[in-house]
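Remarks on the structure that follows.
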Amino acid sequence: MLLRKLYTPLTIVGLLATFAYSEYVVKPHYHDHKIHIVYWEKWTGGEGDAIKQTVNYFNHSQNKIHVDLLTISDIQDKTLLSVAGGDPPDVAGLYGADVAQYADDRAVIDLDPYLRKYGIKKSQYIPVYWKMNNIRGKEYALPSTPASTALFYNRALFKAAGMDPDKPRDWHHGHYTIEEMDKDAARLTKFAPNGQLQIMGFLPAEPGWWEWGWGYFFGGKLWNGSNKITANDAGNIKAYQWIASFSKKYGANNVSAFHSGLGQFSSSQNGFMAGKVAMEIQGVWFYHYIAMYAPNMLANPKTGKQAEWGIAPFPYPADRPDRAGTTFADEDVLVIPRGAKHPNSAFKFIDFMESPKGMDMLCGLQWKMSPLIHNEPGFYRNNRNRTARFFAEQAESKNVINVPRTGIYPEYADALQNAYDAVSLLDQTPKQALDVVQRQIQRQLNEYIQHEKMRLAAEGKSHK
Amino acid sequence: MTTQTAIKNKKSKGKLSGPKYPWLVHTVLILVSIVMIFPLVWLLSTSLKGNQQAMMIPPEWIPHPVLWSNYPRAITYESKELGFIPFLVYGRNTLIIAILTVSGTVFSNSLVAYAFARLKWPGRDLLFTLTLATMMIPFPVLMVPTFILFQKLHWIGTFRPLWVPAWFGGAFNIFLLRQFLMTIPLELSEAAKMDGCSEWTIYRDIIMPLAKPSLAVVALFTFMGVWNDFLGPLIYLTNQNTFTLSLWLASYSSQNGGTEYGLLMAASTLIVAPIIILFFFTQKLLVQGIAVTGLKG
Amino acid sequence: MNKRKETLTALLFASPWFVGFTVFLLYPIIASIYLSFCDYSVLRPAVFIGLQNYSDLINDSIFKQALSNTVIYTAAALPLGLVVSLGLAMLLNTKVKGLAFYRTLFYMPSLVPLVALAILMQFIFNGQYGVLNSLLREFLPFVHGKSWPPNWLGDPRFSKLVLIFISAWGAGNAMVIYLAGLQDVPVQLYEAAQLDGAGWCSTTRNVTIPMISPVILFNLVMGIIGTLQVFTLPYVISNQGSPMRSIYFYTMYLFDNAFVYHKMGYACAMGWILFIIILLLTLLSFKLSEKHVHYGS
């Protein structure tokens, strides 16, 4: 009877406790008098350790600001939602490709006033890494770690096929063409007895992060920088013909099944490391991943073992020597989301990250190159990534390319990915597929420009 | 039509005989069982394999060696980076949301359904019809404005958007509970009223105890809904340490194009298992409840 | 006086729903209608643009593709689910031995959280090392062809089929509801049919189906509402409905518009078009069923 009487109050107390706990769980808790900066970053694993060490160093180097580092997956969506929800972090580590859209949506703040105050200048950076963050003349982000790309090749597989193991690097004194690469790829490709592909010399869908940009290697362009989409220009069509050529040679179903059978990027089952893809476009970070997941591929000076892989600038079409050294510039960036509670302190932290010391720590610990031109002495000499300097030079190539800096880039990238699928499955011709993209995205861009005008007008009104 | 009427008029007693060809029925049932259970068996088997064996061609059925360590590894995956053990924290978060949602759902819907089924008030039938009609509105229509609403309340990044609405009733549950409450004779309430009971006492001490099976069904389905919910947490939870298990599983699988399959399947098993265990303990009630709550209207 | 008090009590009981209905339904509905006539990117002011979102939708080829994908998927998955779940329920209703066992087995798949299900199915249907293709190669070694065995989820001709199959795998839920309905059919009706010498086919057509027709209608309407909103499974299984957006469904495009492309107004317009489609299909089902649905005696 007593229990029965207590039943209701107990339930109520229990629920209230759960409610209180649910509120407690989602709030941060501080026990000191420092300013706490919430910093969201996407890195995990070794890269996560590197940023953690760098942040720790900053936290101990002064006693006013404490940076709370949080690992966040799907960081671009989460950042937008948190800005929209009014509770964003103070610093977010976005992908460089998202900066334009986030700037146009007013999700991140213009850093120009801070740059002036702290004396951070364009001339300190490798040009492309500054340019990428410049939207309509304003800087909305600063690089954390940069990257460029090149061709990685498996020397062991080249040797096994009876070829010069460093052919991609040495052929015609470093002037490897796409046509020559295709020939080599065909020699390296192997089938299993049941007809499945076992090894592919080259697979344009691997690793699948730059599907939007193959056109640039063939002299194509994605847009004119303001109001014209050029998805179906001659260069882009050529690139997609090249993509289709692999499916035509080996069978569309074979290629797509082979691709879906490759292991995850960050594992030893990775297509390149497992010896299933002999040549692949990859970035500056790849050295670190090889060291982590396939250390037996590295050179060993003790035993005199040579490296089982090599790098070379990505080849170019024989008829377009002007496209030599085409490379993708990618970067991770730091932004201050709109509505951040401590933007000034946040920028103090960013200022540290942009200093040679900060870059030396972060980029060095992540085995990457630096976006800065002048680094701490010995940055490249001591860098554990033996390819870091090579990639830094790549980034200064005249043919360095970056994502179109427009708010409709996400739609554009999706449309190009879709065209890529259609072409590699031989469902549509390159011309058909790219014409579709052209129509869709030109219409999107027109709408976007028109809406932008109306938004500006509305904002002007609400300010009055 | 005439035979049917004839059938209805006939009154005979007796039991329906078993199937004519029991072996045929069993064969079909066993075949279907295999198709139904196979993926779950495969899930369990893969969860005990190493990555090499998981991706073996042709596949191997029996894990060798049996990697029980996949489970602790899945539970502690990335705990170093995050500074907490994800499975425990996400499990706790899911449970918090589930407790608040389930209690809210049962409490509010039983009250509202009681008002719709057993009390008289102006506008009742109109509101009930409207309520039923809103069941046709697809969730995505409301997704954006609801998000904006919670944004204005500064609730994004907290658990509140996920459980507070449960305390204010929901069309489907109101409908289910009302169906059941209508089957309890009104005389019961009237007799109690003669004895001087208040409406609240009747609700709490007479009707609700009778409605236990249907309340249990609502509670169970709500719990499963919270456990499985992906879209809600995806939109409303921003901070990694507030994630739920479903969200964790999805981000787990998308990181760098996926993690090791053995680990992934172990994590999946850990999320599937509680629901299946719960079902085993409650299935009689559940099946009864579905039959009683019944969709008879 | 007494009557007023009674009304007041009733309104108190119903009050959670007044709040819930107004705040979580009515307000979002009105806001959503308004936003569907606006250009709105969340963080900047909404600009009224009249019918432009709707006219843009007409010219949007991705919208058309997502819509047609969804219609095709629904047209296949809905009847299939209906037939499978009803079929299983009828098999189990033949007084066969081990009913509870089979029922549990068939129901279990529908308990698996969708995210876990997606990951599991991705693994099973993998073109290279998936267990399904290994079985196909083993048991059908004589079949050869350019696309054999298919790369199920990487081939636009098969990816929808896979999703339809997975949806049928979750038929257990509807099956339990049918089973409850079937067990309610008076035994005498079957006996009478037997006496009349009616075979299985005519018994099913003349007794079983008419008697459970309200349950079928209920499942059909719920199925329409649910299937047209398919989201979690293809969202987790594919990247942007790849390959070639073959499993890019309505709600996925709506979600991307809202939260990836930041076009909230456009997303709202999409939501309302979906509502109209659901409304029309539901009305159609009621209309068509008028003659066939038999509401108890």
- Query: If we scan segment B:64-79, do we find a residue that is at the interface with chain C (Cβ under 10 Å from one of its Cβ atoms) and either more than 24 Å from the chain's Cα centre (by Cα) or modelled with pLDDT of 80 or more (or both)?
  - Reply: no
- Query: For segment C:1-76, list the helices (runs of 4 or more DSSP H) that sit wholly inside it and hold at least 3 residues that are modelled with pLDDT under 90 and within 13 Å of chain B (Cβ to nearest Cβ); which are they?
  - Reply: C:2-21
- Condition met for B:ALA133 (surrounded by fewer than 17 Cβ atoms within 10 Å (Cβ to Cβ) and either acidic (Asp, Glu) or more than 8 Å from chain C (Cβ to nearest Cβ) (or both)): yes
- Quick check, is A:ASP112 within 30 Å of A:GLY86 (Cα to Cα) and either surrounded by 18 or more Cβ atoms within 10 Å (Cβ to Cβ) or more than 26 Å from the chain's Cα centre (by Cα) (or both)? no
- Item | Residues within segment C:96-142 that are within 12 Å of chain A (Cβ to nearest Cβ), outside any helix (DSSP H, G or I) and free of Cβ contacts under 8 Å to residues at least 12 places away in the same chain, tallied | 2
- Taking segment A:428-443, which residues are surrounded by fewer than 22 Cβ atoms within 10 Å (Cβ to Cβ) and at the interface with chain C (Cβ under 10 Å from one of its Cβ atoms)? A:GLN428, A:VAL436, A:ARG439, A:ARG443
- Task: Would you please name the residue that is surrounded by the most Cβ atoms within 10 Å (Cβ to Cβ), looking only at residues in segment A:25-40 that are more than 10 Å from chain B (Cβ to nearest Cβ) and within 28 Å of B:THR76 (Cα to Cα)?
- Result: A:ILE37
- Query: So which residues in segment B:80-100 are in a helix (DSSP H, G or I) and more than 12 Å from every other protein chain (Cβ to nearest Cβ)?
  - Reply: B:PHE87, B:LEU88, B:GLY91
- Message: Just to check your reading of the model, which residue among A:ALA150, A:ALA239 is surrounded by 21 or more Cβ atoms within 10 Å (Cβ to Cβ), at negative phi and in a strand (DSSP E or B)?
- Response: A:ALA150
- Task: For segment A:384-427, enumerate the residues that are among the charged types (D, E, K, R), more than 11 Å from chain C (Cβ to nearest Cβ) and not in a helix (DSSP H, G or I).
- Result: A:ARG384, A:ARG386, A:GLU396, A:LYS398, A:ARG405
- Task: Only one of these is closer than 22 Å to A:PHE265 by Cβ, at pLDDT below 95 and not assigned by TED's automatic domain parsing to the domain that holds A:MET369: A:ALA205, A:ALA185, A:ALA161. Name it.
- Result: A:ALA205
- Tell me, which helices (runs of 4 or more DSSP H) lie completely within segment A:17-121 with 3 or more residues that are hydroxyl-bearing (Ser, Thr, Tyr) and farther than 16 Å from A:ARG338 by Cβ? A:45-61
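Residues are listed down the side, and each one gets a yes or a no for (1) under 30 Å from A:HIS175 (Cβ atoms); (2) of a type in the set (Phe, Trp, Tyr); (3) not assigned by TED's automatic domain parsing to the domain that holds A:PHE286:
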{"site": "A:ALA324", "(1), (2), (3)": "yes, no, no"}
{"site": "A:ALA340", "(1), (2), (3)": "no, no, yes"}
{"site": "A:SER345", "(1), (2), (3)": "no, no, yes"}
{"site": "A:GLU354", "(1), (2), (3)": "no, no, yes"}
{"site": "A:GLY364", "(1), (2), (3)": "no, no, yes"}
{"site": "A:ILE373", "(1), (2), (3)": "yes, no, yes"}
{"site": "A:GLY378", "(1), (2), (3)": "no, no, yes"}
- Message: Return the residues of segment B:27-49 that are among the hydrophobic types (A, V, I, L, M, F, W, C) and either crowded, with 18+ Cβ neighbours inside 10 Å or in contact (Cβ under 8 Å) with a residue 60 or more places away in the chain (or both); say none if nothing qualifies.
- Response: B:LEU29, B:VAL32, B:MET36, B:LEU40, B:TRP42, B:LEU43, B:LEU44, B:LEU48
- Message: Any residue in segment C:224-246 that is free of Cβ contacts under 8 Å to residues at least 60 places away in the same chain and within 10 Å of another protein chain (Cβ to nearest Cβ) sitting within a Cβ distance under 8 Å of a residue that is β-branched (Val, Ile, Thr) and part of a helix (DSSP H, G or I)? List the pairs, counting only those 6 or more apart or interchain.
- Response: C:ILE225/C:ILE278; C:ILE225/C:THR282; C:GLN229/C:THR251; C:PHE231/C:THR251
- Evaluate the following for B:PRO165: is it away from chain A (no Cβ under 14 Å), surrounded by fewer than 16 Cβ atoms within 10 Å (Cβ to Cβ) and modelled with pLDDT of 90 or more? no
- Query: in contact with a Pro (Cβ under 7 Å, 6 or more places away or on another chain), in contact (Cβ under 8 Å) with a residue 60 or more places away in the chain and over 21 Å from A:ASN232 (Cβ atoms): does that describe A:ALA395?
  - Reply: yes
- Query: Can you tell me which residue in segment C:252-290 is nearest to the other protein chains (Cβ to nearest Cβ), limited to those that are in contact with a Leu (Cβ under 8 Å, 6 or more places away or on another chain) and of a type in the set (Val, Ile, Thr)?
  - Reply: C:ILE278
- Could you check how many residues of segment A:260-310 are of a type in the set (Lys, Arg) and either assigned to a strand (DSSP E or B) or within 22 Å of A:GLY213 (Cα to Cα) (or both)? 1
- Query: Is segment C:26-46 home to any residue that is farther than 18 Å from C:ILE277 by Cα, of a type in the set (D, E, K, R) and touching a His at 6+ places or on another chain (Cβ under 9 Å)?
  - Reply: yes
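The values are calculated or read from the model by the stated rules, or taken from the named source; none is laboratory data. Since the structure is predicted, the reported quantities are computational estimates derived from the model, not experimental observations. Virtual Cβ from ideal backbone geometry, glycine too; neighbours counted across all protein chains shown.
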